[in-house]
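Chemist: Structure below; questions to follow.
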Amino acid sequence: MNMKSILVIDDDEMTRLLINQVLSSDNYHVIEAKDGAEGIFLFNKHNPDLVLLDVELPKLNGFEVCQIIRASEKSERVPIVMITGMDDTKSIEHAYSLGATDFMIKPINWSLFTHNLRYILRNNYYYNSLKRSESRLEHAQKIARLGYWELEQDNGHLLLSKQLANMFGLTSFKFENGKLFFLNLIYKPDRFYVKNILLQAFEDGEAFNLDTRVQLANNDLLHLKLQGQLLKNTNESDSIISGVMQDISELKESQKKLVHVAHHDSLTNLPNRVLFTQRLERSIQRADRNGNKIALLFIDLNRFKQVNDSLGHEAGDLLLKEVASRFSSVITKTDLVARFGGDEFAFLLDSIDNLDLIPKFIKYFQALFNDAFYIDDEIIYIGSSVGISIYPDNGKDSSELLRNADTAMYQAKKSEQDNVYFYSSELTEKTIKRWSTENNLRESLENNDFILLYQPKVCSKTQVIVGVEALIRWPRENKLPIYPSEFIPIAEDTGLIVPLGKWVIEQAIEQLNLWKNTACDHLSISVNVSSRQLYNEGFTEFVIGALKNSNIPASKLELEITEEHLAPTNQEAKIKETLKTLTDIGIKISIDDFGT
């Protein structure tokens, strides 16, 4: 332990000598000053642990020196013990008022002297430790926005900590009519609940922990964590609830933001699929109670992909935000619009008493697309495909209702015009059949189940076969064949047309190779291709490579493109580039229907 330093300020040399001998023998470091001015100087220089100060000093007396030392910030935690021959109460009270810690009366009792100083230093150590702890606690409470409170049952006295009083904008800490004051602090909608909690706590003594709100004078709301427990006074004459309150407003705001993020689309700020489904399920419960119907609209934006591809994703995002804004303008308080992702949206029309309202809403909804969208100085017109399912007619729960609206939307999207389609059970059958065809298509592609038939091309003048057209067929064992008009559109939609088209070209070129040095050596083969193949990366290289590997002249291959695939698309430049490259090497290009 470090040696304690004691500053002795006394004009009597003998007294200083005796004090020095006694204290040094007890392992104290003694600093001596013969008058007040020197004492003040040495105090500021050495920062002693205790000051022994004689009252009767020349020039500056002990009272004046005590007052000057106490004015220094350094002296806040240093005990000052006054030594005097005066034992009158008035002098002692005056010394205490100036900041003295204790008094010793001359002549000094040397046998008790060091014990008294040791006691004073020990108490001062505990006092300073307590002050440091209180300071740290106050600092921690300030950071945590935490404070304590006490409420007495019988007299209703309320005590608030400084931190709580500051938090509530109050200048007082104690309130006589505290119970009423405390409840009036609580936000009115929470007041009855908090009152019952307090009454219950006084009655059964159980601890409580709850969230509540306090309305400040400026009408701001603080969210508080309120905790308390019943205590007993030593005489058990009065019950006291003691507890803490913590401002959790920032936590509540963060939780609110997290919930919002989890339930809303980050781009448009519309509700997302999760929130929409939750609201839909509550609407279904309400419809069951009230006997109402619900309409669910599933919407896909038409021509959005062209905007995204031609103007970029940033323009696409701006368009989606503008669409969301227009959608939000037509819904009522009970309805809901959400973005499910991409360019898909959903409307929930709640509590419908008359189904005739739906066509009216659809008309109003479609009018939203009559006006152009202005994005990055571009004038953009888009439309929508809408699928509608009705509860309880088209589904018994939210999942079935969403699935059927989605099915109806895809049926509407097949139309070239912006279309609206109401769900029917026949649509489900068509959808299931389509899914089955798609799965079988993938499997057959892996197993090479397809075959090519070659339809002769005859010269009208000479009646001589000059070439053949490769027609793909899908024979299935013990099953009816699926015609190209059925599976080619599915292959187009799913992207399977690319590997399927490659297989057709490979087989056709292989057939030309087999006809070498035969009666069919002069024949050319025409193959159907789609625009998706033409703008697919690597298509040109694939065709040239296949011809080269089989040593087949490019002039013997003709690519037929359906007329609809020549319509303008966002890949028009890529398609033109591909066609030019292929014609430059001698491949012929013509127009026909794919696979038929």
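Chemist: Rounded to the nearest 500 deg cm²/dmol, what is the calculated helix-only ellipticity per residue at 222 nm for the chain, with -39500 (n - 2.57) per DSSP H run of length n ≥ 4?
Modeler: After summing the helix terms and dividing by the residues of the chain, the value is -14500 deg cm²/dmol.
Chemist: Pulled fully out, how much extra length does the chain show between Asn448 and Met3, if you take 0.36 nm times their separation in residues and subtract their Cα-Cα distance? Intermediate values should be presented prior to the final figure.
Modeler: Details: separation 445, 0.36 × 445 = 160.20 nm, distance 9.69 nm.
My answer for the length gained is 150.5 nm.
Chemist: Mean Kyte-Doolittle of at least -0.5 and a Cα length of 24 Å or more along the axis: which whole DSSP H helices of the chain meet both?
Modeler: Helix filter hits for the chain: 497-514.
Chemist: Bin by bin, in steps of 5 Å, what percent of the Cα pairs in the stretch 145-252 do you find, going until the bin that has the longest distance?
Modeler: 2, 13, 23, 28, 20, 9, 4, 1, 0
Chemist: For the stretch 268-423, take the convex hull of the Cα atoms, compute a quarter of its surface area, and give me that in nm², please. Can you show the working numbers first?
Modeler: Working: hull surface 34.6 nm².
Average projection, Cα convex hull of the stretch 268-423: 8.7 nm².
Chemist: Using r as the Cβ-Cβ distance of Glu73 and Trp435, and R0 as 60 Å, what FRET efficiency do you calculate, to the nearest 0.05?
Modeler: Working: r = 83 Å, r/R0 = 1.38.
According to the calculation, E is roughly 0.15.
Chemist: If R₀ is 45 angstrom, what is the calculated FRET efficiency for the pair Phe103 and Asn155, using the beta carbon separation as r and rounding to 0.05?
Modeler: On the way: r = 39 Å, r/R0 = 0.86.
With R0 = 45 Å, the Cβ-Cβ based efficiency is 0.70.
Chemist: Let me ask another. Provide, for q = 0.13, 0.14, 0.16, 0.17 Å⁻¹, the log10 of I(q)/I(0) from a solvent-free Debye sum over equal Cα point scatterers in the stretch 5-137.
Modeler: -0.51, -0.59, -0.78, -0.88
Chemist: If you don't mind, another one. Given the options Asn439, Trp149, Cys520, identify the residue whose Cα lies farthest towards the positive end of the charge dipole of the chain (+1 on Cβ of Lys, Arg; -1 on Cβ of Asp, Glu).
Modeler: Cys520
Chemist: Which length gain, in nm to one decimal place, applies between Asn47 and Arg273 when the Cα-Cα distance is subtracted from 0.36 nm times their residue separation? Don't skip to the end; give the middle numbers.
Modeler: Working: separation 226, 0.36 × 226 = 81.36 nm, distance 6.98 nm.
Taking 0.36 nm per residue and subtracting the Cα distance, the gain is 74.4 nm.
Chemist: Taking 0.36 nm per residue of separation and subtracting the Cα-Cα distance, what length does fully extending Asp220 through Val464 add? The partial results should precede the final answer.
Modeler: Values: separation 244, 0.36 × 244 = 87.84 nm, distance 9.37 nm.
Length gained, Asp220 through Val464: 78.5 nm.
Chemist: Here's something else I'd like to know. Residues in the stretch 20-52, backbone N under 11 Å from the label point at Thr114 (7 Å along the Cα-to-beta-carbon vector): list them, ranges by number please.
Modeler: Taking a point 7 Å out along Cα→Cβ of Thr114, the residues of the stretch 20-52 whose backbone N falls under 11 Å are 21-28.
Chemist: On to the next question. What nm distance separates the two modelled labels at Ser242 and Thr89, each placed 7 Å from Cα along Cα→Cβ?
Modeler: The answer from the label model is 3.5 nm.
Chemist: Given N residues in the chain, what is its alpha carbon radius of gyration divided by 2.2 N^0.38 Å? Don't skip to the answer; put the middle values down first.
Modeler: On the way: Rg = 46.4 Å, N = 596, 2.2 N^0.38 = 24.9 Å.
Dividing the Cα radius of gyration by 2.2 N^0.38 Å gives 1.86.
Chemist: Additional query: Kindly provide log₁₀ I(q)/I(0) values, in the same order as q = 0.14 Å⁻¹, from the Debye equation applied to equal alpha-carbon scatterers of the stretch 89-220.
Modeler: Rounded to two decimals, the profile gives -0.81.
Chemist: Could you give the size of the charge dipole of the chain about its Cα centre, using +1 on the Cβ of each K and R and -1 on the Cβ of each D and E, expressed in debye and rounded to the nearest 20?
Modeler: 540
FYI, it's all coordinate maths here, none of it is from the lab. Predicted model only: the values in this text are computed from it and were never measured. Using ideal geometry, Cβ is built from the backbone for each residue, glycine included, and neighbour counts are taken over all protein chains shown.
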